Structures are given as C-alpha cells and as structure tokens.
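Structure first, commentary second.
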Amino acid sequence: MRVAVASLEYEGNSLSLRVDRRADFARKALHRGPAILEAVAGKALALTGGIDTVRAAGAEVIPVYMAKGGAGGHVDDAFFAEAMAEILDGIAAAGPLDGIYLALHGAMITASDGDPEGTLLAGLRERVGDAVPIAVSLDLHAHVSRRMARNASIVVGYETYPHVDAYETGARAASLLVRTMRGEISPRIGHVAFNAILPVLGMATLDDAPLAEVARIARAMEAAGAALSVSYFPVQPWLDGPDVGITGLAVTDGDAAAAEMAATAVAEAMWTRRRAFELPAYTPAEAVRAALAMDAETVLLVDASDSIGGGASGDSPAILAALLAHAPETPAAVAIVDPGTVERATAAGEGAGAMFEIGAWQDDRQVAPVRVNATVERLCEGRFTYTGGPVAGASATLGPVAVLRIGPIRVLAASYAVYEHMDEHYAACGIDISAFKMVSFKQLMNFRKLLTPERAFLSVHGPGATPLDLSKVDWHHRVRPFWPVDDPQTPPRLS
Ligand SMILES: [Zn+2]
C-alpha cells in the first residue's frame, strides 16, 4: 500500500490586517519530499501521527509537501496557488496510490478565496478520481465547508481545546484511511452546519465547560457504534463568510443517514449551549484594578481581543497603557509585537534609556501607540521550542527581541507575531513570569495550563482583531439570521 501525505496549515481571520506570504511560512515550516520526515520526526504534530500510523500499518509513506503558517489574517493568493500546485503535482508524480492523508487546519482564507481547503480538496479529487480515499485531519476551529466534506473520504477534528491531541487526530484520520484501503470500511460523511458563531474564549473542553459536554456526547456516540468518528467544529468565528458556522461532522461505515444523524446531534448540542460559551471579561483598566485587589501571587491578564493564535496583530498596547495609568509601581510583564521598538532599542543599546512609541504599529484602528521613556534592559534572539500543545517540539522564533524596563514593569517587544503556547516566549529572553504580580498574554486558551493555586487570570476585552463580542462586529458577508446578532428559535441551517 502506498500513501501520499501532505500538510497545509493556516488559520485565517477576516478582521486581521496581517497577510502571510511564502516567507512567513518558510520561517515556521516549509518542506517538500523526504525532508518532511525529518521535520516531523518526534514531534506531536497531526502530520507526525498520520505518518507513524501509515507506517505502522506496513504501508509506504510518500511525503509530498508540508507548510505550517500558524494564524494570521489571510494568505496571499500567490502562495496558496503555489502550495496547491506543489501538493497536486507532487501527488500526481508519486505514481499509483492507495490513499492520501492531508493535515489541514481548515480555517484558511486567501485574498480571493474564502474556502481554499475546499478548493484544494476539489482539485485533488478531480486529479485522483473517486477510487483513491482521501483522509483529512483538521483543527477544532476549522471552517468545514460542504465542498471539503464532499471531496474528502474521511474528516476528523481535534477533540481538545486547549489542543493537546494533534498527533492523535492525525493518527485517527490515518487509521480510518488504512481500514478503508484494506476494504474493511466504506466511509460516509455527514456534515451539518448552523449559522452561528461562538466566542473562542469559552470553547475549552475542560471540566464542565459547554464544549466538554459536547465532546462527551460525541465520544458516547462513537462508543455506542453510532459512528466511526464524530467531530465538533465550533469554528474560528472571525471569518466573515456566508457559510461559516458551528459544524457537526461524522464518519460512518457506509451509512449516510446515520452519519447525518450523528453530525446533527453534535451541531445541535453546540447550538443549545450557545449562551454558555460567553464568559465574563474586563476592560484593560478594570482588569488591572481588579488584579491589584486579588490575593493571587500572579494574575494572568489575558488580552483576548488581540490573540496572536486567533490571527490578531499582537501589537495592542492597551494593557501596557492601563498598567502605566493604574499600577505603575507594581511588577508586571507585557509581551507585545513591535519590530520598530526592537529596532529602536537595538540602536540605543543595552542599558540605554530612550523614548519609545510602543505598539499599534500594524493595527492602529482602535488604539494608539504608548509613548514612554524606557531603559533597554536586554537584547536577545527570541528562539524557543514549544513544550506542548499542537506544536509540541517545534521551534519558533520571535526574531530580534528587546526587553524594556519602565520602573517595575518589563516589556518584551518581539519582531514577529508568534503563536503563544505557555510562557516559552517570555522565558526565551530571561523573563520568569512568577516574579510579577501581573503578566499579559495574547492568546485565548493555553494560559490555562499555567494556572496554579498561586495564580489567577482575568480575561480582557480591548482593541484587536479577535473581539469577544461577536454581535458588535461589522460583518459584511454573513447571511441573516445568525447567532449572536439574531436570536432565532430554531438553529438556522447553512446549506
Ligand atoms: Zn484551534
């Protein structure tokens, strides 16, 4: 048995100003052919899980293409066209195949295409025909279009958020693929999407969170034999498209009606819990004042509206401004993306003082830079390796970094917007978050792994391209009615 494998992973955000091109993917992971095997070995990536599973089944792996771009606004059309051509041509050149496994994120957008993964899968299906099964693994935040579901044979999503099962998801997709190639199963996909979007901050699959209940329903259906695989896609909500909504998806053995029923059950389970996804959040000033009054040794200030992992710029200085205004004598650490500040600090040199204009260099639509006198405490290269999550074991670079000192406040200015897992980015330049009363994060979920009895967190709604209140966004392409702008009695089905 011969299986071609490829990955193309990127999470888009229509509200973000960021554009990712070839160079941005190359800085993260861009490989072709056998170099892919070396790049993924020993990591916890979906692609690694898929490759290991195919090999364990005694099949030959033909590595074709791998591109990881993290999250951002959109991918430029030229790079997507190049990536798609590399995958299609590489698969065509691979010779006769028994199966194809693709690791996708599922929420990419390009300048002109709201469903590039659908375009890719349709193109691939056209090339290889119906006889070759195509298995796809997706992030839990995927925008799973009907076109994607129609052109894939098997689709499975991450089961967890925080994401800790990327490897296992790749392995599940590949093991269903192997069973299909052996003729043991004949997969059918059910796909049901509702015109509703939910706040990412409330999407944890931990404890008794609403999505944890949905996950239990999905696992119970699998255990009862109702489906081979049941996935829930609460969707990346900052995608301004007419077909973007919470989606249930199930794979059964030859039973299209049962697949549709299981997909409906999980989609409805998300819909009925839609109000429970909303969590309290504070303005930057409210959060800083509240943190001062808390007993916790360290309070994590979660800058949810400027989440780098959600595609925002990571350059909002709103929390820094609130700290300077309301807690200038309290030890606090802020990480922010600002290459101009890094350049200025580098020119000044370690130990020098200078006037800086921090933040809002890319996204100044809702906030202005913070003008402040600071001392350059340290300059460093911000390289680190992720200690867990969907990118465990992968290395990342913040580019040149400057650590600035403003009294007891430290500002870590990075050159690049890099996915935040835990505190690896702070540690990369010598900042121990335990030394501070308040520490800000530009992410929505992984910070929970940093919580201890001595630490608390407050969610902050400030400026940025990942707003918490989805009903206040100026949507242009959504179809009415949709939750949470409208409040229909029955779930509005997306066709
Ligand atoms: Zn995700």
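The values are calculated or read from the model by the stated rules, or taken from the named source; none is laboratory data. Please read all numbers here as calculations on a predicted model, not as lab measurements. A quick note on method: Cβ atoms are made from the backbone with ideal geometry, for glycine too, and the neighbour counts reach across all protein chains shown. Ligands, DNA and RNA are stripped out before the accessible areas are found, and what is left, the full protein with its side chains, is counted by its heavy atoms. Shrake-Rupley method; radii C 1.70, N 1.55, O 1.52, S 1.80 Å.
When Asp98, Asp77, Asp52 are checked against the criterion of being among the charged types (D, E, K, R) and either free of Cβ contacts under 8 Å to residues at least 40 places away in the same chain or buried (at least 24 other Cβ atoms within 10 Å of the Cβ) (or both), a single residue qualifies: Asp77.
Quick grid of which residues meet (1) among the β-branched types (Val, Ile, Thr); (2) modelled with pLDDT of 95 or more; (3) assigned to a strand (DSSP E or B); (4) over 18 Å from Thr48 (Cα atoms):
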residue	(1), (2), (3), (4)
Tyr65	no, yes, yes, no
Met84	no, yes, no, yes
Ile87	yes, yes, no, no
Ile100	yes, yes, yes, no
Ala103	no, yes, yes, no
Glu126	no, yes, no, yes
Asp130	no, yes, no, yes
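Among the residues of the stretch 123-138, are any within 16 Å of the ligand (Cβ to nearest atom), open to solvent by 10 Å² or more (accessible area, probe 1.4 Å) and either of a type in the set (A, V, I, L, M, F, W, C) or closer than 19 Å to Leu201 by Cβ (or both)? No - not one qualifying residue is present in the stretch 123-138. Of the residues screened, Asp139 is one that is of a type outside the set (A, V, I, L, M) and touching a His at 6+ places or on another chain (Cβ under 6 Å).
Scan the stretch 456-477 and give yes if some residue there is open to solvent by 50 Å² or more (accessible area, probe 1.4 Å) and farther than 30 Å from Glu268 by Cα, otherwise no. Checked against the condition, which is being open to solvent by 50 Å² or more (accessible area, probe 1.4 Å) and farther than 30 Å from Glu268 by Cα, the stretch 456-477 yields at least one hit. Pro34 passes every criterion in (1) at negative phi; (2) touching a residue at least 40 places away in the same chain (Cβ under 8 Å) apart from (2). In the stretch 149-160, the residue that is farthest from Ala92 (Cα to Cα) out of those that are within 16 Å of the ligand (Cβ to nearest atom) and open to solvent by less than 20 Å² (accessible area, probe 1.4 Å) is Tyr158.
Listed residues Gly393, Gly399, Gly388; which is within 26 Å of Ala348 (Cβ to Cβ), surrounded by fewer than 21 Cβ atoms within 10 Å (Cβ to Cβ) and not assigned by TED's automatic domain parsing to the domain that holds Leu47? Spell out the reasoning first.
Working: Gly393 fails: within 26 Å of Ala348 (Cβ to Cβ); Gly388 fails: within 26 Å of Ala348 (Cβ to Cβ).
Within the list Gly393, Gly399, Gly388, the selection yields Gly399.
Name the single residue, out of those in the stretch 303-337 being within 16 Å of the ligand (Cβ to nearest atom) and closer than 20 Å to Pro280 by Cβ, that is farthest from the chain's Cα centre (by Cα). Spell out the reasoning first.
So in the stretch 303-337, the residues within 16 Å of the ligand (Cβ to nearest atom) come out as 304, 307-312.
Within this subset, residues satisfying the condition of being closer than 20 Å to Pro280 by Cβ are 304, 307, 310.
Numbers: Ala304: 13, Ser307: 10, Gly310: 6 Å.
Per the criteria, the residue is Ala304.
When you scan the stretch 463-492, how many residues do you find that are acidic (Asp, Glu) and within 24 Å of Glu11 (Cβ to Cβ)? Steps first, answer last, please.
We begin by selecting, within the stretch 463-492, every residue acidic (Asp, Glu); these are 469, 474, 486-487.
Within this subset, residues satisfying the condition of being within 24 Å of Glu11 (Cβ to Cβ) are 469, 474.
The number of residues fulfilling the criteria is 2.
The one condition from (1) open to solvent by less than 30 Å² (accessible area, probe 1.4 Å); (2) on the phi < 0 side of the Ramachandran plot; (3) more than 21 Å from the chain's Cα centre (by Cα); (4) not acidic (Asp, Glu) that Lys437 does not meet is (1).
Counting just the residues of the stretch 445-459 that are in contact (Cβ under 8 Å) with a residue 60 or more places away in the chain and assigned to a loop (DSSP other than H, G, I, E, B), which one comes out nearest to Val200 (Cα to Cα)?
Going through the qualifying residues, I end up with Met445.
Could you tell me whether the stretch 406-422 includes any residue that is under 19 Å from Asp24 (Cα atoms), open to solvent by 10 Å² or more (accessible area, probe 1.4 Å) and of a type in the set (Gly, Ala, Ser)? Taking every residue of the stretch 406-422 in turn, at least one turns out to be under 19 Å from Asp24 (Cα atoms), open to solvent by 10 Å² or more (accessible area, probe 1.4 Å) and of a type in the set (Gly, Ala, Ser). Listed by first and then second residue, the pairs with beta-carbon distance under 6 Å, at least 6 apart or on different chains, first residue in the stretch 212-239 and of a type in the set (Val, Ile, Thr), second open to solvent by 10 Å² or more (accessible area, probe 1.4 Å) and more than 14 Å from the ligand (Cβ to nearest atom), are Val230/Met221; Val230/Glu222. Each residue in the stretch 221-240 was checked for being crowded, with 24+ Cβ neighbours inside 10 Å and closer than 22 Å to Lys472 by Cα, and 6 pass. The set of residues in the stretch 206-220 being within 20 Å of the chain's Cα centre (by Cα) and open to solvent by 60 Å² or more (accessible area, probe 1.4 Å) consists of Leu206 alone.
Would you mind stating whether Ser112 is more than 16 Å from the ligand (Cβ to nearest atom) and of a type outside the set (A, V, I, L, M, F, W, C)? Show your work before the answer.
Working: more than 16 Å from the ligand (Cβ to nearest atom): yes; of a type outside the set (A, V, I, L, M, F, W, C): yes.
Taking the combined requirement at face value, the residue satisfies it.
Within the stretch 162-181, the set of residues being within 12 Å of the ligand (Cβ to nearest atom) and out of contact with any helix residue (DSSP H, G or I) (no Cβ under 7 Å at 6 or more places or on another chain) comprises Asp165 only. Annotation note: Cβ proximity below 7 Å between a residue of the stretch 159-170 that is assigned by TED's automatic domain parsing to the domain that holds Leu140 and in contact (Cβ under 8 Å) with a residue 24 or more places away in the chain and a residue that is open to solvent by 30 Å² or more (accessible area, probe 1.4 Å) and assigned to a helix (DSSP H, G or I) (sequence gap 6+ or interchain) occurs for Pro162/Arg448; Pro162/Lys449. What about Ala296, is it open to solvent by less than 60 Å² (accessible area, probe 1.4 Å), over 30 Å from Ser415 (Cα atoms), among the small types (Gly, Ala, Ser) and part of a loop (DSSP other than H, G, I, E, B)? Yes: the conditions hold for Ala296.
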